[in-house]
Amino acid sequence: MELLKAIRDRRSVRHYRSDNIPDEILIEILEAARRAPSWANTQVCRYIVVKEARVKEALQDCLGPQNPARAAMVEAPVVICAAAQRNVSGCRNGAPVTNKGDWFMFDAGIALEHIALAACNFGLGTVHVGSFDAGKAEQVLGIPEGYSITEMMPVGYFDEVPRETPRKPLSETTYLDRFGEPLLKG
Ligand SMILES: Cc1cc2nc3c(=O)[nH]c(=O)nc-3n(C[C@H](O)[C@H](O)[C@H](O)COP(=O)(O)O)c2cc1C
C-alpha cells in the first residue's frame, strides 16, 4: 500500500476480531516505530507488546468507563504500550533546552503514528489510547523509575467498518507566511 493511501485510509478502530497477528508482520510494525525520528536521535521510547489476556484486562481497568476504546483493549490480539524515558529528549544534562519542556511525548507520538500507518499497510487497525490512569498502567506493566507510559495502542484485524471522522479544511488550518494569512484564496 502506498504511504498516502495508508494516511488516507487509517481510522481509529475500536472493535477487533481475535485472530492473531503473524509474528513477521508484528515485527515489521515495531520496526516502523524503531525507524521513527526522535530529538537528537535520543530514542527514548520503549515498547511493551502485550498479548496475555490477564494483562490486557488489567490495562482495560486503567481506562475510564466512558473511554470508547475500552473494548478494544481486550478484543485486540495485541496492545502495544509505549513508555518513554523522561528528561532526555529536548534536554541537556536533564534540563529542557526549549520552552516546550520535555519532548518525550512528541517523540512517542511520532513513533506510535508510524506503528498506526505500518499496521494500516498490512490491513490492520489501531487506535491511539491516551486517556487512562497512567500511574495504574505503569504498575501493571512494571515501568521503571524515570520512565512514563505515554500511550497504549490496540492492534488487530477489524471487526467493524470504522466511520470517517471529519477534518477542518486546509483553508481554515493552514496559512501563508504569517498566522492568519490564508494560503488558499477564494
Ligand atoms: C494522542 C491521542 C490520544 C487518543 N486517545 C484516545 C482514547 O483514549 N480513546 C479513544 O477512544 N480514542 C482516542 N484517540 C483517538 C481519537 O479520538 C481519534 O484519532 C480522532 O477522533 C480522529 O479519528 P480517526 O483516528 O478515526 O481519524 C486518541 C488520539 C490521539 C492522537
Expected single match for of a type in the set (A, V, I, L, M, F, W, C), more than 22 Å from M105 (Cβ to Cβ) and over 16 Å from the mean Cα position of the chain (by Cα) among V55, V13 is V55
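Among V155, V127, V161, which is the only one that is β-branched (V, I, T), under 26 Å from K5 (Cα atoms) and within 11 Å of the ligand (Cβ to nearest atom)?
V127
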Across the stretch 31-46, the tally of residues that are surrounded by fewer than 17 Cβ atoms within 10 Å (Cβ to Cβ) and either among the aromatic types (F, W, Y) or closer than 22 Å to G123 by Cβ (or both) stands at 3
Within the stretch 38-68, of all residues that are of a type in the set (V, I, T) and in contact (Cβ under 8 Å) with a residue 40 or more places away in the chain, the one farthest from V155 (Cα to Cα) is T42
Taking the stretch 103-130 and keeping only residues that are open to solvent by 50 Å² or more (accessible area, probe 1.4 Å) and over 12 Å from the mean Cα position of the chain (by Cα), one is left with W103, N121, F122
Flagged pairs (Cβ under 6 angstrom, 6 or more apart or on separate chains; first in the stretch 12-37, in a loop (DSSP other than H, G, I, E, B) and more than 16 Å from the ligand (Cβ to nearest atom); second charged (D, E, K, R) and open to solvent by 70 Å² or more (accessible area, probe 1.4 Å)) are R17/D159
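Condition check ((1) in a helix (DSSP H, G or I); (2) buried (at least 20 other Cβ atoms within 10 Å of the Cβ)) across all residues:
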{"site": "K56", "(1), (2)": "yes, yes"}
{"site": "C62", "(1), (2)": "no, yes"}
{"site": "Q66", "(1), (2)": "no, no"}
{"site": "A83", "(1), (2)": "no, yes"}
{"site": "N87", "(1), (2)": "no, no"}
Restricting attention to the stretch 144-178, the residues that are assigned to a loop (DSSP other than H, G, I, E, B) and open to solvent by 30 Å² or more (accessible area, probe 1.4 Å) number exactly 17
- request: Consider G135 carefully, then state whether it is touching a residue at least 24 places away in the same chain (Cβ under 8 Å), more than 11 Å from the chain's Cα centre (by Cα) and more than 11 Å from the ligand (Cβ to nearest atom).
  value: no
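The values are calculated or read from the model by the stated rules, or taken from the named source; none is laboratory data. Nothing here was measured: the structure is a model prediction, and the numbers come from that model. Note that each Cβ is placed from the backbone with ideal geometry, even for glycine, and that neighbours are counted across all protein chains shown. Keep in mind that these areas ignore ligands, DNA and RNA; they rest on the heavy atoms of the full protein, side chains included. Shrake-Rupley method; radii C 1.70, N 1.55, O 1.52, S 1.80 Å.
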